[in-house]
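Derivation of every value follows stated rules applied to the coordinates shown; laboratory data play no part. Keep in mind that what you see is a predicted model, and the values were worked out from it rather than measured. No Cβ is skipped: glycine too gets one built from the backbone with ideal geometry, and neighbour counts run over all protein chains shown.
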Ligand SMILES: [Zn+2]
Ligand SMILES: [Zn+2]
């Protein structure tokens with residue numbers, strides 16, 4: 001996603017150019033359509049790219065392990081620094097931050113890497129295919145979103161006799177103490 005900003009670099013600080021984004025980008029191991037609008041603003045140091053983009057990525061549901069399309073909203077805000085002076089063609093010092101994005105010697109910014117990074121951050125840690133995903137049966141692995149499986153519900157052990165014994169024992173202690181008074 002390459003945008004030539006040579007005209008914008010010659011414009012006065014604060015001037016904004018809106019740019020429509022609609023491109024296929026490699027995101028999280030798959031190709032995704034990215035759409036939205038990005039404003040490119042001339043700053044005192046370079047170009048600030050700011051906008052909201054929408055895309056969808058294929059991810060695995062953390063509960064039922066099925067693949068589904070997860071919508072992502074990317075609120076991008078990144079400043080791009082020129083490495084070549086747009087008027088004189090002279091080389092400019094690199095930005096102090098080594099991770100900064102740069103505008104190449106042809107005055108082109110490439111939004112692809114920023115989109116890639118923002119998308120990775122936007123993917124949920126534990127994605128769910130739907131709000132109330134029922135998950136898999138721990139016994140047979142059946143996807144419970146497709147209905148119940150044939151496994152019987154876990155048996156409840158009869159604990160009442162043991163509890164009764166405990167109660168009787170403590171009653172006996174109380175009675176003994178009363179007897180010694
Ligand atoms: Zn699921
Ligand atoms: Zn089951």
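Considering only the range 126-150, state which residues are within 12 Å of ligand 2 (Cβ to nearest atom) and assigned to a loop (DSSP other than H, G, I, E, B).
Residues of the range 126-150 that are within 12 Å of ligand 2 (Cβ to nearest atom), as a first pass: 134-144, 146-150.
Those that are within 12 Å of ligand 2 (Cβ to nearest atom) and assigned to a loop (DSSP other than H, G, I, E, B): 134, 135, 137, 138, 139, 140, 141, 142, 147, 148, 149, 150.
For the range 9-30, state whether one or more residues are assigned to a helix (DSSP H, G or I) and either more than 20 Å from the chain's Cα centre (by Cα) or within 30 Å of residue 145 (Cα to Cα) (or both).
For the range 9-30, residues assigned to a helix (DSSP H, G or I) and either more than 20 Å from the chain's Cα centre (by Cα) or within 30 Å of residue 145 (Cα to Cα) (or both): present.
Are there any pairs, at least 6 apart or on different chains, whose C-beta atoms fall under 7 Å, with the first in the range 127-149 and at negative phi and the second part of a helix (DSSP H, G or I) and within 11 Å of ligand 2 (Cβ to nearest atom), and if so, which?
134/144; 136/144; 137/144
Looking at the structure I just gave you, is residue 102 crowded, with 16+ Cβ neighbours inside 10 Å, away from ligand 1 (no atom under 16 Å from the Cβ), free of Cβ contacts under 8 Å to residues at least 24 places away in the same chain and not in a loop (DSSP other than H, G, I, E, B)?
Judged against the criteria, residue 102 is a match.
Could you please give the count of residues in the range 39-63 that are outside any strand (DSSP E or B), away from ligand 2 (no atom under 16 Å from the Cβ) and under 30 Å from residue 144 (Cα atoms)?
Total satisfying the criteria: 2.
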